[in-house]
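Each remark here refers to the structure printed beneath this line.
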Amino acid sequence: MQERPLILVTNDDGITAPGIRMLIEIMNKIGDVVVVAPDSPQSGMGHAITVNNVLHCNPITIDDGPQIEYSCSGTPADCVKMAKNEILNRTPDLCVSGINHGANSSINVIYSGTMSAAVEAGIEGIPAIGFSLLDFDWRADFRAAKKFIEKIVLNVLLNGLPDGVVLNVNIPKLKEKDIKGIRVCRQANGYWKEDFDKRKSPTGKEYYWLSGEFINRDKGQDTDIWALENGFISVVPVQFDMTAHHAIQKLNSWDI
């Protein structure tokens, strides 16, 4: 009998979040699952790691599934590092992160703890996928995404991923019958126009609340934003080599 793949599951919304519970359920059908996830929400942490504090990582039982689970006091990237170096007895065949409550398309990939966990796995040589649903509601319905997530995961296990590449998968907030399919895309050129709402506490101390508007500067029909707005699941291959190779020749022309 062929050995079942070893799958590491993590997220940034916390180990009890409905999104990761659904992802665990899907992965249990495919392989042997080990979960190492934050003990509290870590959204927007990006690729932060814990260097000035201790880390706690403890076994935990949340449901009666066959998976093995650990709750970690650190960030999503910490969770992957702990799993790889302290918990697992071999390198996993796959790391999946999510399912995130909310989008991680376009520039959001930079800030995303969900995707940073996947990127950290990629750095460690583990094929990795980050999954996000375009619904921030804690009670979001993840069922429509199940068969598509399974299809993407099975393809990665079968075909592998190019060196230095992980996948950023975003799923529109639609019923299964209304999802038109899966599109491989590029990241849309967009940014956040921030708005800092200045307020005062009851004691008179000033504080700020960050909000903002997403601005999409990209009208291409090959982007993740276009795919999501038109009913498709977007799959963006993301590389963690951030070198702007096209700029090297230009910089070498400088008198430096």
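The values are calculated or read from the model by the stated rules, or taken from the named source; none is laboratory data. Please read these numbers as outputs of a predicted model, since none were measured by experiment. Quick reminder, even Gly has a Cβ in these numbers, built from the backbone with ideal geometry, and neighbours come from all protein chains shown. Each accessible area value is taken on the protein alone, full model and side chains, heavy atoms only, with ligands, DNA and RNA left out. Shrake-Rupley method; radii C 1.70, N 1.55, O 1.52, S 1.80 Å.
General remarks:
- Residue among 157, 161, 134 that alone is in contact with a Lys or Arg (Cβ under 6 Å, 6 or more places away or on another chain) and either in contact (Cβ under 8 Å) with a residue 60 or more places away in the chain or at negative phi (or both): 134
- Residue in region 34-48 that is surrounded by the most Cβ atoms within 10 Å (Cβ to Cβ), counting only those that are over 12 Å from residue 70 (Cβ atoms) and at pLDDT 85 or above: 47
- Number of residues in region 148-180 that are under 18 Å from the mean Cα position of the chain (by Cα) and basic (Lys, Arg): the value is 2.
- Number of the condition not met by residue 173 [criteria: (1) among the basic types (Lys, Arg); (2) open to solvent by less than 100 Å² (accessible area, probe 1.4 Å); (3) under 18 Å from residue 131 (Cβ atoms)]: (2)
- In the set (1) open to solvent by 40 Å² or more (accessible area, probe 1.4 Å); (2) in a strand (DSSP E or B); (3) not charged (D, E, K, R), residue 162 fails one condition alone, (2).
- Scan region 171-186 for residues that are out of contact with any helix residue (DSSP H, G or I) (no Cβ under 6 Å at 6 or more places or on another chain) and under 18 Å from residue 112 (Cβ atoms) and the total you get is 2.
Residues checked against (1) modelled with pLDDT under 95; (2) open to solvent by less than 60 Å² (accessible area, probe 1.4 Å); (3) of a type outside the set (D, E, K, R):
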| position | (1), (2), (3) |
| --- | --- |
| 193 | yes, no, no |
| 196 | yes, no, yes |
| 200 | yes, no, no |
| 228 | no, yes, yes |
| 242 | yes, no, yes |
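- Screening the candidates 166, 156, 184, 236 for the property of being touching a Cys at 6+ places or on another chain (Cβ under 8 Å), closer than 21 Å to residue 95 by Cα and not polar (S, T, N, Q) yields one hit, 236.
- Pairs where the first residue, in region 172-186, is at positive phi and the second is at pLDDT 95 or above and part of a strand (DSSP E or B), C-beta under 8 Å, 6+ apart: 181/232; 181/233
- Within region 99-132, tally of residues that are in contact with a strand residue (DSSP E or B) (Cβ under 6 Å, 6 or more places away or on another chain), of a type in the set (Gly, Ala, Ser) and not in a loop (DSSP other than H, G, I, E, B): 7
- Of the numbered criteria (1) open to solvent by 30 Å² or more (accessible area, probe 1.4 Å); (2) under 10 Å from the mean Cα position of the chain (by Cα); (3) not small (Gly, Ala, Ser), the one residue 129 fails is (1).
- So residue 51, is it of a type in the set (A, V, I, L, M), in contact with a Leu (Cβ under 6 Å, 6 or more places away or on another chain) and surrounded by fewer than 24 Cβ atoms within 10 Å (Cβ to Cβ): no
- Counting only strands (runs of 3 or more DSSP E) that sit completely within region 1-98, those holding 3 or more residues that are touching a Pro at 6+ places or on another chain (Cβ under 8 Å) and under 16 Å from residue 122 (Cα atoms) correspond to 6-10.
- Among the residues of region 63-83, those identified as touching a helix residue (DSSP H, G or I) at 6+ places or on another chain (Cβ under 8 Å) and open to solvent by 40 Å² or more (accessible area, probe 1.4 Å) are 63, 66, 70, 81.
- Which listed residue is of a type outside the set (Gly, Ala, Ser), in contact with a Leu (Cβ under 9 Å, 6 or more places away or on another chain) and in a loop (DSSP other than H, G, I, E, B), from 173, 219: 173
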